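The values are calculated or read from the model by the stated rules, or taken from the named source; none is laboratory data. These figures come from a predicted structure and were not determined experimentally. Backbone-built Cβ (ideal geometry, glycine too); neighbour counts: all protein chains shown.
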Amino acid sequence: MKTWDGIVVGAGIIGLTLASELQRRGMRVLIVERGEPGREASWAAGGMLADCALETPQALQTLATASARMYPGFARAVEEASGMTVDLRQQGTILFPEDGTVLQQPEFAGRVLHSSAVIALEPNLAAGNRKAVYLAEGSVDPRALTAAAAEAARRAGVDFRRGETVTGLDPGDGAVTGVTTTAGTYAAPVVVNCAGAWAGQIRGGQAPTHPVKGQMLCLLTTPANGLAHVVRTPEAYLIPRSNGRLLIGATLEDAGFDKQMVPKTLERLHRAALTLAPRLQECPVVESWAGLRPGTRDGLPLLGAGGRKGYYIATGHYRDGILLAPVTARLMARLICGEDCEHDLGAFSPMRFGEGAKL
Ligand code: GLY
């Protein structure tokens, strides 16, 4: 029977990036994915690389900023390793905060924009007198990124098993020796749970995540009626891609594993976008979808040792999985390979909710 040095459970952007990083460090890695690589939360994600203090939990700020800084190099490396493009865009973000007074806070790193400056940056925005700020935050196309990350992992020699659900860790207690799936068993002395909203369903896995549904839609714009920047308001966010697609998101719903779309909800998001940028009325809706973010009880990811020798958890990134992929891969690979982790991961310990915690 073939054996590996490490098994990564889940082929979303976190699992794919970490698997490549471990393989690069000399481990032979297998990824087991219950569906198709990159087809769950990573596929549904908007791809904003948002690390601004206003919207980032304080405990996550250092990692968020570190990961945002890693992105240009990370995106380039994934493109080179895969021969594919990921549409990293660095035009920046225009944020309309709910409460304009936050712009005076010293930790807020944005540049305040007067309405004439907003129009100069984005002639199609009808911002009126709303307070706005420019942030140097980019975006990436998560579908392109995960497809490229999967190809890069394949080319690096990572093995894939798709359409198999990991049901439990082996053995039931003590140091892990592998996993049991719906199709068989795989042996390895290291197992990393990157299974997102499904991470808590692995027997013995101790990874309490829960699904947080997000509905989104996509318009097809032209250079005349579209946007160049990411635009965020309390009602909706708009994310342009270089190919003319413009994403409008997103809801935050506690709906279990339901991924159905609700027309009324999508209409509300669409209306919010049209109020913000009226020329989007000219643009057809080309797609809508719903995805399941991996939430945790305190909104922070689960990163670290999983309570058994050889078992690690890297999941629960909630709204920030795309942003946090490079830093997660780097820190988890260092931890797994016994190196200094560079950042204190104490706040993200998977054991912080206690043994056997469920959400
Ligand atoms: N990262 C954006 C969202 O979760 O909606």
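General observations
- Spans of strands (runs of 3 or more DSSP E) in region 248-359 with at least 3 residues at pLDDT 95 or above and under 20 Å from GLY214 (Cα atoms): 285-295
Okay, residues lined up against (1) crowded, with 17+ Cβ neighbours inside 10 Å; (2) without any contact (Cβ under 8 Å) to a residue 24 or more places away in the chain; (3) within 16 Å of the ligand (Cβ to nearest atom):
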site: GLY10; (1), (2), (3): yes, no, no
site: MET27; (1), (2), (3): yes, no, no
site: VAL32; (1), (2), (3): yes, no, no
site: TRP43; (1), (2), (3): yes, no, yes
site: LEU49; (1), (2), (3): yes, no, yes
site: ALA66; (1), (2), (3): yes, no, no
site: GLY83; (1), (2), (3): no, no, no
site: VAL86; (1), (2), (3): yes, no, no
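- Checklist (1) of a type in the set (Asp, Glu); (2) more than 16 Å from the ligand (Cβ to nearest atom); (3) in a loop (DSSP other than H, G, I, E, B) applied to GLU98, failing item: (2)
- Some residue of region 303-314 being closer than 30 Å to GLY15 by Cα, buried (at least 22 other Cβ atoms within 10 Å of the Cβ), touching a residue at least 60 places away in the same chain (Cβ under 8 Å) and within 16 Å of the ligand (Cβ to nearest atom): no
- ASP320 meets all of the listed conditions (1) within 24 Å of TRP4 (Cβ to Cβ); (2) within 13 Å of the ligand (Cβ to nearest atom) but one, namely (1).
- Enumeration of residues in region 213-243 that are more than 29 Å from GLY196 (Cα to Cα) and either among the β-branched types (Val, Ile, Thr) or surrounded by fewer than 22 Cβ atoms within 10 Å (Cβ to Cβ) (or both): LEU220, THR221, THR222, PRO223, ALA224, ASN225, ALA228
- Scanning region 181-218 for residues that are over 20 Å from the mean Cα position of the chain (by Cα) and part of a strand (DSSP E or B) turns up THR181, THR185, TYR186, ALA187, VAL191, ARG203.
- Members of region 278-302 that are within 17 Å of MET216 (Cα to Cα) and surrounded by 22 or more Cβ atoms within 10 Å (Cβ to Cβ): GLY291, LEU292, ARG293, PRO294
- Exclusive hit being out of contact with any Asp or Glu (no Cβ under 9 Å at 6 or more places or on another chain), part of a loop (DSSP other than H, G, I, E, B) and on the phi > 0 side of the Ramachandran plot, set GLY128, GLY35, GLY46: GLY128
- Residues of region 219-234 that turn out to be in a loop (DSSP other than H, G, I, E, B) and either touching a Leu at 6+ places or on another chain (Cβ under 7 Å) or among the acidic types (Asp, Glu) (or both), as a count: 6
- When residues of region 230-266 are limited to those that are more than 21 Å from LEU280 (Cβ to Cβ) and of a type in the set (Asp, Glu), the one farthest from the ligand (Cβ to nearest atom): ASP258
- Some residue of region 158-170 being modelled with pLDDT of 95 or more, within 16 Å of the ligand (Cβ to nearest atom) and in contact with a helix residue (DSSP H, G or I) (Cβ under 6 Å, 6 or more places away or on another chain): no
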